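The values are calculated or read from the model by the stated rules, or taken from the named source; none is laboratory data. Just so you know, these numbers come straight off a predicted model, no measurement behind them. A quick note on method: Cβ atoms are made from the backbone with ideal geometry, for glycine too, and the neighbour counts reach across all protein chains shown.
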Amino acid sequence: MRLKQISIGSFIVVSLLNFAIAQTKTWTFDDELCTYKGYYNSKKYTEQQLIDTYNLFRTSHYVHDKGTFEELTVRYDSVITSVENLQIVQTHYFQRLKKDVLRYLLETYALKKVQNKAKEQPESLIAAVEDAQAREYAEALYKGGNDLLEAYEHVIKEQMKNNSTPEYLWHNYEATMKHADRLDRAFDYVLVYGWWNSANDSVHHINYDGTQMQQFHKLFVKVDTLDCDEP
C-alpha cells in the first residue's frame, strides 16, 4: 500500500515538473551591449506580447518631418497606429509606458503640423503653445519685420552662450542680415531654433534611462547573458 502511495506521489511530482517545463519558453533579445536568453512563463505572456513590449521601448518612434503636410500626416498616422496596435504585456508599468509613448507622439505631431504650415498660418504658432518663451517667438514670427529680426538676433545670442565657436554663429548672422531675403531666412531660423526648441520642451518626453530594460527583464523567470561586446 505504501509503495503504491509513493508511486502515485512520484507521478504527481513528475507531472508537475513536466507541466512547468512545458509552460517555460525562451526568447532571445539584446540591449546596447549584450545578448540575452530569457525564460518566460507562456501562461502569463505570449511571444508576440514580449516582442511588442520590447519594440515599444527599443524603437525610437522617430518620424521624419520634412515634406508636405500630407506626407507628414501619413508618416505620423502610420507610427501612431503602429504603437496603438502593439499587443504588449498587461503589466501596469508597460501599459503606462505605452500611454506615455502615444502622448509623446500626439503632442509632437500637433506641434509639427503647426510648424509645417507656419508660413501660411503664422497665427497658429501662438495658439499652439503655452510656454512663455515659445509664445514670444510665435508672436515675432506672426508680426514679421523688425520684431522677427530682433527675435532672430536674440536666438543667435542665446546660442552663442553655449557654442564652442560663437564667432562663427555671429558671422553667419551678419552675413544673413546682408541678404535681400533676410526676413525669410530669419523666419526659418527662428521657427526651428526659437519656437520649435522652446515648444518641444513642453512635450511629454520619456526618459530612456535603462529602467525600461530593467522592467523587461523582470518579465522573465530567468535571464541568461549569452554574449556581450566590450563597453
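Scan the stretch 60-101 for residues that are over 19 Å from Gln212 (Cα atoms) and of a type in the set (D, E, K, R) and report the count.
So the answer is 6.
I need the full set of residues from the stretch 58-103 which are farther than 21 Å from Phe29 by Cα, surrounded by 12 or more Cβ atoms within 10 Å (Cβ to Cβ) and among the polar types (S, T, N, Q), in order please.
Thr73, the sole residue that qualifies.
Within the stretch 194-221, count every residue that is within 26 Å of Tyr109 (Cα to Cα), touching a helix residue (DSSP H, G or I) at 6+ places or on another chain (Cβ under 8 Å) and polar (S, T, N, Q).
Number satisfying all stated conditions: 4.
The rows are residues; the columns are (1) modelled with pLDDT under 95; (2) closer than 16 Å to Val221 by Cα; (3) assigned to a helix (DSSP H, G or I).
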residue: Leu3; (1), (2), (3): yes, no, yes
residue: Ser7; (1), (2), (3): yes, no, yes
residue: Leu16; (1), (2), (3): yes, no, yes
residue: Ala20; (1), (2), (3): yes, yes, yes
residue: Trp27; (1), (2), (3): no, yes, no
residue: Tyr36; (1), (2), (3): no, yes, no
residue: Leu50; (1), (2), (3): no, yes, yes
